[in-house]
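Just below is one structure, and these are the notes that go with it.
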Amino acid sequence: MSLNPQYEDIGKGFVQQYYALFDDPANRASVVNFYSATESFMTFEGHQIQGAPKILEKVQSLSFQKITRVITAVDSQPTFDGGVLINVLGRLQTDEDQPHAYIQTFVLKPVGGSFFVQHDIFRLSLHDV
């Protein structure tokens, strides 16, 4: 397979779609459909999870209801297998908590005529000394 020339559009479109679902409490659990049952990894604040069922458990365990998000930048690169590497920099606020900067990185793996999230790394940008 070769580099996907539409990697920028794919990255931006994916981020819009993913966060539209994730940020809506009624639809949050449906983000699991982006992940493979066995071939997806998520690292959430340093905790690694494998597979859509475990990722769904993590998403459902999040205690906040309301989320407000501002995306600062979406940077994408093509991967050599036709996939897309996506890096998101932004700020989010959950419920009435203070806003925090965050970074989230996705690797979209091609399958058929679509993609699934093969890797997802999320980290709040907290600098504890």
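At-a-glance table
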{"quantity": "Boolean, PHE64 is open to solvent by 20 Å² or more (accessible area, probe 1.4 Å), of a type in the set (Phe, Trp, Tyr), farther than 18 Å from VAL84 by Cα and under 11 Å from the mean Cα position of the chain (by Cα)", "calculated": "no"}
{"quantity": "Test for VAL70: is it of a type outside the set (D, E, K, R) and surrounded by 13 or more Cβ atoms within 10 Å (Cβ to Cβ)", "calculated": "no"}
{"quantity": "Residues of the range 32-50 satisfying the condition of being of a type outside the set (Ser, Thr, Tyr) and farther than 12 Å from ARG123 by Cβ", "calculated": "VAL32, ASN33, PHE34, ALA37, GLU39, PHE41, GLN48, ILE49, GLN50"}
{"quantity": "Subset of the range 51-61 [open to solvent by 70 Å² or more (accessible area, probe 1.4 Å) and either more than 22 Å from LEU124 (Cβ to Cβ) or in a strand (DSSP E or B) (or both)]", "calculated": "PRO53"}
{"quantity": "The range 19-44: number of residues that are buried (at least 17 other Cβ atoms within 10 Å of the Cβ), assigned to a loop (DSSP other than H, G, I, E, B) and without any contact (Cβ under 8 Å) to a residue 60 or more places away in the chain", "calculated": "0"}
{"quantity": "Tally, over the range 4-51, of residues that are closer than 25 Å to PRO78 by Cβ, hydrophobic (A, V, I, L, M, F, W, C) and touching a strand residue (DSSP E or B) at 6+ places or on another chain (Cβ under 8 Å)", "calculated": "7"}
{"quantity": "Total residues in the range 90-111, condition surrounded by 15 or more Cβ atoms within 10 Å (Cβ to Cβ) and either among the aliphatic types (A, V, I, L, M) or in a loop (DSSP other than H, G, I, E, B) (or both)", "calculated": "5"}
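Here is a yes/no grid of residues against (1) within 16 Å of the chain's Cα centre (by Cα); (2) within 16 Å of PHE14 (Cβ to Cβ):
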site: GLU57; (1), (2): yes, no
site: ARG69; (1), (2): yes, yes
site: ALA73; (1), (2): yes, yes
site: ASP95; (1), (2): no, no
site: THR105; (1), (2): yes, yes
site: VAL111; (1), (2): no, yes
site: VAL117; (1), (2): yes, yes
site: ARG123; (1), (2): yes, no
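The values are calculated or read from the model by the stated rules, or taken from the named source; none is laboratory data. As the structure is a prediction and not an experimental result, all values here were calculated from the model. Using ideal geometry, Cβ is built from the backbone for each residue, glycine included, and neighbour counts are taken over all protein chains shown. Keep in mind that these areas ignore ligands, DNA and RNA; they rest on the heavy atoms of the full protein, side chains included. Shrake-Rupley method; radii C 1.70, N 1.55, O 1.52, S 1.80 Å.
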